[in-house]
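Engineer: One structure follows; several queries about it will come next.
Every read-out reported here was derived from the displayed coordinates using simple, explicitly stated rules and does not represent laboratory data. Note that the structure is predicted; figures quoted are calculated from it, not measured. Positions of Cβ are backbone-derived with ideal geometry, glycine not excepted, and every protein chain shown enters the neighbour counts.
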Amino acid sequence: MRTVWGYDVDGVLGPIVLLETFHYMTNNAYVGNNHVEAALEAASQAIRNYCGWHVCPAEDCTANPVGGSMVARLPAGYVSAINSITENGVTLTADDYQWRKDGLIRKKCQRWSDDWDAIEVSYTAGYSEDAVPDLKEAVCSIASGVLTVAAGVSSESADGVSISYQASASSVAASLTSQMKSALEPYRVVSSHAA
């Protein structure tokens, strides 16, 4: 599946926090609410968009990082494995490059090709749900806020005809507080994806 961050993941990205975990973390406050899964998806997407990659869970990914120098960056903040690298159709061996868990890959002794999509990297990236308690808390906080906002009319007038509507679930999920953004800073990456 192609992501909005310019790389592919094997399979479909689900929410960062699973339904059972959400119910546990919110003391079952929203059990029976039919909108919980949609709220978790919206909260997860808002966080992922801010961070610039899928963050959690660990996924097998494929990317075409920008070359031209000895170092290229994968669109990930945590890489646990490099499965393969090809450059201009040639599969490289582990002796041809080095990589770091922060997503940097360095070609030994020469520059990466600067042709578009010349480099293709297959890798595993993302944190396990258990490794990111602060991220889980942020997802639960946003999703709870979405579920707490009552949809529809919030106030009404008669002769002056004035109607106000509550914020939609998607607008609430998309608005991260400055406190949440500070908590998410360690997970952010600078995207090398040019749209």
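Engineer: Whose amide H sits under 5 Å from the amide H of G68, counting only residues 5 or more places off or on another chain, with H placed in the peptide plane?
Structural biologist: Close amide H contacts, sequence-distant or interchain: W112, S113, D114.
Engineer: Got a sec to turn the phi values of region 111-119 into Karplus ³J(HN,Hα) couplings, 6.51 cos²θ - 1.76 cosθ + 1.60 with θ = phi - 60°, whole Hz, x for Gly and Pro?
Structural biologist: Running phi through 6.51 cos²θ - 1.76 cosθ + 1.60 with θ = phi - 60° gives 7, 5, 4, 9, 5, 4, 6, 6, 9 Hz.
Engineer: Taking θ = phi - 60°, what integer Hz values does the Karplus form 6.51 cos²θ - 1.76 cosθ + 1.60 yield along region 136-149, in sequence order, with x for Gly and Pro?
Structural biologist: So the Karplus estimates, Gly and Pro as x, are 4, 4, 5, 4, 5, 5, 5, 4, 4, x, 5, 6, 7, 5 Hz.
Engineer: Another question, then. I need W99, W5, W116, W53 ordered by Cβ neighbour count within 10 Å, fewest first.
Structural biologist: W116, W99, W5, W53
Engineer: Under a plain spin-label model, where a point goes 7 Å from the Cα along Cα-to-Cβ, how far apart in nm are S84 and K108?
Structural biologist: A separation of 2.1 nm, rounded to one decimal place.
Engineer: Can you work out ³J(HN,Hα) from phi for every residue in region 78-84, in order, using Karplus 6.51 cos²θ - 1.76 cosθ + 1.60 and θ = phi - 60°, giving whole Hz and x for Gly and Pro?
Structural biologist: Coupling constants for region 78-84: 8, 10, 9, 7, 9, 8, 6 Hz.
Engineer: Calculate, axis by axis, the spread of Cα positions in region 59-125 along the three principal axes, and write the results as whole Å, longest axis first.
Structural biologist: Its Cα atoms span 26, 20, 18 Å along the three principal axes.
Engineer: Given points 7 Å out from each Cα along the Cα-Cβ axis, report the W116 to E37 separation in nanometres with one decimal.
Structural biologist: 3.9 nm
Engineer: First select every other residue whose beta carbon is under 12 angstrom from the beta carbon of S113; then total the charges, Lys and Arg +1, Asp and Glu -1.
Structural biologist: That works out to -3.
Engineer: Here is a follow-up. Based only on other Cβ atoms within 10 Å, what is the fewest-to-most ordering of M25, M1?
Structural biologist: On the way: M25 18, M1 9.
Lowest count first: M1, M25.
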